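No lab work stands behind these numbers, since they all come straight from the coordinates. The structure presented is a predicted model; accordingly, all values stated were derived computationally and were not measured. Using ideal geometry, Cβ is built from the backbone for each residue, glycine included, and neighbour counts are taken over all protein chains shown.
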Amino acid sequence: MLAPGLIGGSLLRALRARCPGTSLTAWARRPEAVEEIRREPGLVDLASTVVDEAIEGADCLVLAMPTGHMAAVVGQMTTFPTGSQVLVTDVGSVKAPVVREIGPLVRERGGVFIGSHPMAGSEKKGLAYADAELFQNAAVVLTPEADGSTLLPRLETFWTKLGGVVTTLSPERHDELVAGISHLPHLVAAALARSVLAWEPGAVSLSGGGFRDTTRVAGGPEEMWADILSDNREAISLRLAAYLDELQTWKDALDTLDRDRLRDLLSEARRLRSTVPLPAKVLNP
């Protein structure tokens with residue numbers, strides 16, 4: 001595991017719980033992060049700030065870091081032993097840029113890269129919030145290139161053992177879909193928090209569950225989300241344009257006091273919202 005924060009740490013805890021005989025190693029850039037990993041008894045067999053030390057003998061590597069840092073870390077890896085069939089994957093929220101950049105770097109070292117995106121996480125960050133059950137019933141999207149197809153079953157098994165529900169998509173299709181179901185919601189939550197709380201900071205004292213739930217993801221780390229929004233900017237911009245059109249529809253209904261139109265809009269929204277699956281922890285109490 002390379003750079004285990006919330007997602008990487010959750011992977012380590014899930015692997016330790018579900019695959020107890022597996023040898024697990026971790027790399028982190030900062031010595032204090034390595035010490036934090038080592039303080040958790042039995043979590044890993046080895047933790048290091050040296051990339052090659054952390055990956056020695058591994059047959060599967062997970063890049064659990066912001067997408068902008070992946071190339072530099074892979075660049076520190078020496079060539080994998082001939083015939084070792086090293087599978088490298090990631091947990092990034094954007095796939096097309098990662099596949100284009102990281103795939104060739106991994107191939108140069110004799111490995112195979114297949115992108116992964118577990119649709120699981122939190123606005124929290126860091127190993128302290130890692131959860132071994134984070135991937136239970138979570139959708140996991142794999143984005144293989146043609147030359148990674150032979151190792152695809154191994155990666156599917158990896159995620160299935162952790163409780164994931166695996167889907168395979170092209171990197172481009174993945175980015176198009178998550179622009180709407182993941183990236184736009186974060187942008188909207190951040191914009192709503194700014195719009196309301198910058199207008200009247202004191203309104204927060206009156207806020208209930210609706211405002212807290214709607215803006216929860218705006219509490220996520222800004223550096224990571226700036227990378228995500230930038231990496232997938234074209235697809236997000238398209239969904240944002242459609243969302244602005246939708247908002248204009250609601251504004252027109254308000255401005256004209258069209259109660260029937262408002263009722264129809266609310267009814268359709270409620271119907272569509274009912275198709276969203278329940279959270280994994282509700283499905284599996």
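The alpha carbon gyration tensor of segment 174-283 gives principal lengths a ≥ b ≥ c with a/c below 1.5, which makes the shape rounded. Relative contact order of segment 6-169, taken over Cα pairs closer than 8 Å and 6 or more residues apart, is 23 percent. To the nearest ten degrees, helix 6-18 and the longest principal axis of the Cα atoms of the chain are 60 degrees apart.
The GNM of the chain, with springs linking C-alpha atoms under 10 angstrom apart, assigns the highest mean-square fluctuation among PRO81, PRO153, PRO201 to PRO201. Calculated FRET efficiency, THR49 to THR150, Cβ-Cβ distance, R0 = 30 Å: about 0.35 to the nearest 0.05. Looking at the chain, the DSSP beta bridges with both ends there are about 25 percent antiparallel. Counting only aspartates and glutamates at least 8 places from LYS251 when in the same chain, those with an alpha carbon closer than 15 Å to its own are ASP260, ASP264.
Extension gain, ARG270-GLU123: 0.36 nm per intervening residue step, less the Cα-Cα distance, totals 50.4 nm. Note on VAL44, VAL99: ascending count of other Cβ atoms within 10 Å places them as VAL44, VAL99, the fewest first.
Only aspartates and glutamates eight or more places from LYS95 in sequence, or on another chain, were considered; those with a Cα closer than 12 Å are GLU145, GLU172, ASP175, GLU176, ASP231. Amide H contacts under 5 Å for THR167: VAL140, VAL141, LEU142, restricted to partners 5 or more places along the chain or on a different chain, H placed in the peptide plane at 1.01 Å from N.
Checking the a/c ratio against 1.5 first, then a/b against b/c, what shape does the Cα gyration tensor give for segment 73-127? Verdict is prolate for segment 73-127.
Each peptide among 211-218, 231-238, 253-260, 15-22 gets the average number of other Cβ atoms lying within 10 Å of its residues, and from highest to lowest they stand as 231-238, 211-218, 15-22, 253-260. Between ASP255 and LEU192, what is the FRET efficiency for a Förster distance of 25 Å, r being their Cβ-Cβ separation, to the nearest 0.05? E(calc), rounded to 0.05, equals 0.80. Among TRP199, TRP159, TRP27, sorting on how many other beta-carbon atoms sit within 10 Å of each Cβ, with the fewest leading, yields TRP199, TRP159, TRP27. Within segment 6-169, DSSP assigns beta bridges of which about 30% are antiparallel (rounded to the nearest 5).
By the count of neighbouring beta-carbon atoms within 10 Å, fewest first, VAL51, VAL204, VAL196, VAL141 end up ordered VAL204, VAL196, VAL51, VAL141. Amide H contacts of MET65: VAL91, each under 5 Å away and 5 or more positions distant or on a separate chain (H built 1.01 Å from N in the peptide plane; Pro and chain starts excluded).
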